[in-house]
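The values are calculated or read from the model by the stated rules, or taken from the named source; none is laboratory data. Quantities reported herein were computed from a predicted structural model and do not represent experimental measurements. For neighbour counting, all protein chains shown are included, and Cβ atoms are generated from backbone atoms with ideal geometry for every residue, glycine included.
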């Protein structure tokens, strides 16, 4: 399994430059995001680790998803998406579901989601870097992502 090398290098370098780290919680990507982040240059310096909660009981147990709501909507609702959202610096980056062609194979979908999420993260890194440059803000130590 290969990921875009330039994207991973960019994320790694940006995190190192900003003196930040990243950890993830994921579901639909089934560990692919963790695998991708572990392939970054200097991963041991910027990637803290993560967890995968694929089934409803594990999402409830590990990610504090509301059990009753999860059961009622099969873990697909705005509130659950927010609970398991993609965060960076306390801001939700992405909470929607992505629609793929019904014939898309599971592994291809997981890779697509993973690369999409990494791309969203790169965009947010760029925004954050530009804002810091404009405002002269100090570094924040940790970045956290939750992926639904």
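For the range 28-50, name all the residues that are surrounded by fewer than 20 Cβ atoms within 10 Å (Cβ to Cβ) and under 11 Å from the mean Cα position of the chain (by Cα).
Answer for the range 28-50, where residues must be surrounded by fewer than 20 Cβ atoms within 10 Å (Cβ to Cβ) and under 11 Å from the mean Cα position of the chain (by Cα): just 31.
Within the range 6-27, how many residues are touching a helix residue (DSSP H, G or I) at 6+ places or on another chain (Cβ under 7 Å) and not in a loop (DSSP other than H, G, I, E, B)?
Residues meeting the conditions: 13.
Of all residues in the range 86-118 being loosely packed, with under 12 Cβ neighbours inside 10 Å and assigned to a helix (DSSP H, G or I), which is modelled with the lowest pLDDT?
106
Look at the range 7-34 and say how many of its residues are farther than 15 Å from residue 126 by Cα and free of Cβ contacts under 8 Å to residues at least 60 places away in the same chain.
2
Within the range 76-85, can you find the residues that are in a helix (DSSP H, G or I) and either at pLDDT 85 or above or buried (at least 17 other Cβ atoms within 10 Å of the Cβ) (or both)?
80, 81, 83
Every residue in the range 49-75 that is assigned to a helix (DSSP H, G or I) and under 22 Å from residue 114 (Cβ atoms), please.
56, 58, 59, 62, 63
For the range 121-148, give me the residue count where each residue is surrounded by 16 or more Cβ atoms within 10 Å (Cβ to Cβ) and either more than 20 Å from residue 37 (Cβ to Cβ) or modelled with pLDDT under 85 (or both).
7
If you go through the range 28-35 one residue at a time, do you hit one that is touching a helix residue (DSSP H, G or I) at 6+ places or on another chain (Cβ under 7 Å) and at pLDDT below 85?
yes
Of the residues that make up the range 64-73, is at least one farther than 21 Å from residue 1 by Cα, touching a strand residue (DSSP E or B) at 6+ places or on another chain (Cβ under 8 Å), surrounded by fewer than 20 Cβ atoms within 10 Å (Cβ to Cβ) and modelled with pLDDT of 85 or more?
No: zero hits.
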